[in-house]
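Colleague: Before I ask anything, let me first share the structure, which is written out below as structure tokens.
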Amino acid sequence: MASRMLFGPFLFCLPYFVFGLSCNLFSPTYQEGAVPPHTGSRGPFGVVCEVRVGDPLPEPPSVPESLGSKAFVVRSSFPSHFMEESTVEVHRRSTSVAQPTAKPQVFVAHAGSEAQLGATSTRIGCGDEMFVSSVGDAMDEKVMGIKGQTGSWFGKCVACGSYLEDRALLKRGWFCEVGRAVGIRTGVWLKRDADKLKASEVKVLLVPGHEILGFGGAFTDATAVANDHLNPSLRSSWIEAYFGPRGAGYTVGRVPFGGADFSRRAYSLDDGDADLDLKRMCLRDDREDAKCGEDAKLQLIKDALHKESRLKLFFSPWSAPAWMKTSGKLAGGEVRGLGKAASADDKRIAQAWAQSYIKFVDLMAAEGIKFWGLTLQNEPGADQFVSWNANSLSGDQERTLLGMLGPLMRKSYPDMKIMVHDDQIYALKPRLLDQGNGILTSEFVDGIAYHWYGSFGAAVENTTAEYVVGPLPFGPKAYGGGIQVKEVFDAHVAGKDKFMLATEACAGYLDSRLHALRDAQSESNNRGVRPGDWYRGYRYSRDILYQLVNGASGWVDWNLLLLADGGPNWAGNNVDAPILTSEDGSALWISPMYFHMAHWAKYVVPGSRVLHVDTSTSELQEVAAFLRPDGKVVVVVLCDRLDGHGDPPASQAVRVVIGDLELQLDLLSSSIVTAVLDMPSSLTTFV
């Protein structure tokens, strides 16, 4: 979870992604007369995919096992929730006129943000031509016709729709319904015109960099509560959506060690009087009457492991038991015995805390759940800001704890990955280098974990850490800091058998007063849930791109599933998630964050290597490329801009040059495009 950072609590969340049911696109709880939860205004934030019992789950298109000389492109900018079939061309670059070597499939869907009456280059609906109802049509009609049959995410796209107001498509976007004919009103046909697209060229260098571990989210108590709230027939659907073979491709899962703020109450696994031998410690969840060994998260984790055998699970503690702490309570305080002047009794408490990590792994192993890694402490620098479960650790104290736990873990579980920091991105250098007394040189450190919250929801990327109050040189440096990822990676990770991992993010966490300082005109960065908000998905993708390029080996979201109000959270720290339950539990609501995550997790598979991309001559700068273990190259391109930061970039025609091959892509405004290419062996044998 995030820290308050001076003015108010910052929230963290885990997204939910759902596959498996037929998707009805609508604005959840924002129909006529409805008031969105946690907002003071009416109306939709965007289009979400609603999945009900008996519906088939939508699934991302699968890349063919053998592409030959073809490229496969997933052009999924929500809120279409379908993939439109089209073509893309791959050319050989030469001095003569290039001839297409292939016309493979392209699957398209996007935000529906730039088309106007009479405009060209839309391709927001199904096919190269589309019908848009004219201004003045009733809003509840919002229908459009289809010219011809096309492939779609669900099978056949029978009807798509949107509407115009003030001569522009609203960000409410398009919808596609399966098996149901929709009437056509008088209007105009819009046809794309590739000649009018702006052109850019980027070059991908086949020099492999660091390795990708994967993408995922967290199994919290709140996730288990939301799962129990669902109709029983839906409870396996979100697991399938994230981890199933037809799902988003998640391969990483985070598990709280004991309670977190996303629980219904504050608790640890050894509450009560002092218990230095940990005889009382056992698995349990946030239910007041939970018996020893009763934890609803266990079955969810087992179900995910059944779907994805490669799942890398890591755990993070929020708070030690209150009897171990200087504060005598779960919210705030330090673990006794980690300071320099600790008494003998306090040192025994610190040793018991270190031993409890081992016992937690033992208890989970007895349930058939094996951990891949751990972080020493969730947000060790957040104690002074938060009002929920937390241990405060200085850099020195973190090194002391590592010195106690490292030998124990190496003896009992030698392959366990130990990650340090697990705190804000802007604090990487201060904690690890200035205060950590060389912690990165320890033989027990395998990785560095960090959180995205200082990026202001991806509004402040790739900068040094900045003061809270603009140019005034006081207060904490609590914004930006993304440049530190590359600096720490280059100096202390690259070539040293270590990794960096972005371990927590969510939307809807920003305190409004902080939000106004750096992102005043944005609505997508407001606090609370905003189902269907396209730009929340773009914020995810924008941050993922910068983190991976700068040195991160993966990106892990917060809660996998939450209730419709972004909870439960005992501290009132509610946030958003890619998948929410409907208020009555009869449906899952899937937002753009889910589909953006799938662009990365589904195609940038574990073992992929980051490739350098030269964008020096391109108008589009947000381009990333990867070499997969199967020899295919993945290119991800973002053609977007955060809301409140000016108009999105115009639609683009992008040439992606890889060796002597050229991939030509048309990008719509407000879209994300992922291309997967088979590379000639002559270009990859040396890699």
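Colleague: Roughly how big is the range 551-617's charge dipole about its Cα centre, with Cβ charges of +1 (Lys, Arg) and -1 (Asp, Glu), in debye to the nearest 20?
Modeller: Values: 2 positive and 6 negative charges, 77 e Å.
With only Lys, Arg, Asp and Glu charged at Cβ, the dipole is about 360 debye.
Colleague: Provide the solvent-accessible area of Phe371, counting protein heavy atoms only and rolling a 1.4 Å probe, rounded to the nearest 10 Å².
Modeller: Taking all protein chains as shown, Phe371 has close to 10 Å².
Colleague: Which of Lys312/Lys477; Lys302/Lys417; Lys417/Lys486; Lys340/Lys429 have a Cα-Cα distance over 28 Å? Can you show the working numbers first?
Modeller: Working: Lys312/Lys477 33 Å; Lys302/Lys417 21 Å; Lys417/Lys486 21 Å; Lys340/Lys429 22 Å.
Over 28 Å Cα-Cα: Lys312/Lys477.
Colleague: What percent antiparallel are the DSSP beta bridges of the range 406-562, to the nearest 5? Intermediate values should be presented prior to the final figure.
Modeller: Working: 3 of 15 bridges.
Around 20 percent of the beta bridges assigned by DSSP in the range 406-562 are antiparallel ones.
Colleague: Testing the spin-label approximation: label points 7 Å from Cα along Cα→Cβ at Asp490 and Glu619. State their distance in nm.
Modeller: Placing both labels 7 Å beyond Cα along the Cβ direction yields 3.0 nm.
Colleague: Something else: Would you calculate the separation in nanometres between label points at Gln299 and Ala199, each defined as 7 Å from the Cα along the Cα-to-beta-carbon direction?
Modeller: 6.0 nm
Colleague: Quick one: accessible surface of Lys302, probe radius 1.4 Å, all protein chains present, in square angstrom to the nearest 10.
Modeller: It works out to around 70 Å².
Colleague: Now for a different question. Report the extension gain between Asp345 and Ala650 in nm, rounded to one decimal, defined as 0.36 nm multiplied by the number of residues separating them, less their alpha carbon distance.
Modeller: Numbers: separation 305, 0.36 × 305 = 109.80 nm, distance 6.56 nm.
The span from Asp345 to Ala650 would gain 103.2 nm if fully extended.
Colleague: About its Cα centre, what dipole magnitude does the range 203-281 give when the only charges are +1 on Lys and Arg Cβ and -1 on Asp and Glu Cβ, stated in debye to the nearest 20?
Modeller: Values: 8 positive and 10 negative charges, 98 e Å.
Dipole about the Cα centre, nearest 20: 460 debye.
Colleague: Let a ≥ b ≥ c be the square roots of the eigenvalues of the Cα gyration tensor of the range 515-564; is it rounded (a/c under 1.5), or, if not, prolate (a/b larger than b/c) or oblate? Walk me through the numbers on the way to the answer.
Modeller: Details: a/c = 2.32, a/b = 1.27, b/c = 1.83.
It comes out oblate by the Cα gyration axes.
Colleague: In addition: Give a quick list of GluC sites (Glu not before Pro) in the range 438-521 that DSSP marks as loop, anything other than H, G, I, E or B, with at most 14 other Cβ atoms within 10 Å.
Modeller: Numbers: sites: Glu443, Glu461, Glu466, Glu487, Glu504; in loops: Glu443, Glu461.
In loop regions of the range 438-521 (DSSP not H, G, I, E or B), the sparsely surrounded GluC sites (Glu not before Pro) are Glu443.
Colleague: Could you calculate the contour length gain from Arg310 to Thr441, that is, 0.36 nm times the residue separation minus the distance between their Cα atoms, to one decimal place in nm? It would help to have the intermediate numbers written out before the result.
Modeller: Working: separation 131, 0.36 × 131 = 47.16 nm, distance 2.91 nm.
Extra length from Arg310 to Thr441 when fully extended: 44.3 nm.
Colleague: Right, something else. Once you place label points 7 Å from the Cα toward the Cβ at Arg280 and Thr463, how far apart are they in nm?
Modeller: Using points 7 Å along Cα→Cβ, the separation is 4.8 nm.
Colleague: Please compare each pair in Lys359/Lys496; Lys347/Lys411; Lys279/Lys347 to a cut-off of 23 Å on the Cα-Cα distance and tell me which ones are over it. Can you show the working numbers first?
Modeller: Working: Lys359/Lys496 30 Å; Lys347/Lys411 21 Å; Lys279/Lys347 19 Å.
Those over the limit are Lys359/Lys496.
Colleague: On full extension of the chain, what length is gained from Glu583 through Val207, given 0.36 nm per residue of separation minus the C-alpha to C-alpha distance?
Modeller: Stretched fully, the Glu583-Val207 segment lengthens by 130.4 nm.
Colleague: Within the range 232-384, what whole-number % of the accessible surface is contributed by carbon and sulfur, with the 1.4 Å probe and all protein chains included in the calculation?
Modeller: Details: 2770 of 5870 Å².
It is 47 percent, rounded to a whole number.
The values are calculated or read from the model by the stated rules, or taken from the named source; none is laboratory data. Just so it is clear, the structure is predicted and the values come from calculations on it, not from any experiment. Glycine gets a Cβ as well: all are built from the backbone with ideal geometry, and neighbour counts include every protein chain shown. With ligands, DNA and RNA removed, areas are computed over all heavy atoms of the protein, side chains included. Shrake-Rupley method; radii C 1.70, N 1.55, O 1.52, S 1.80 Å.
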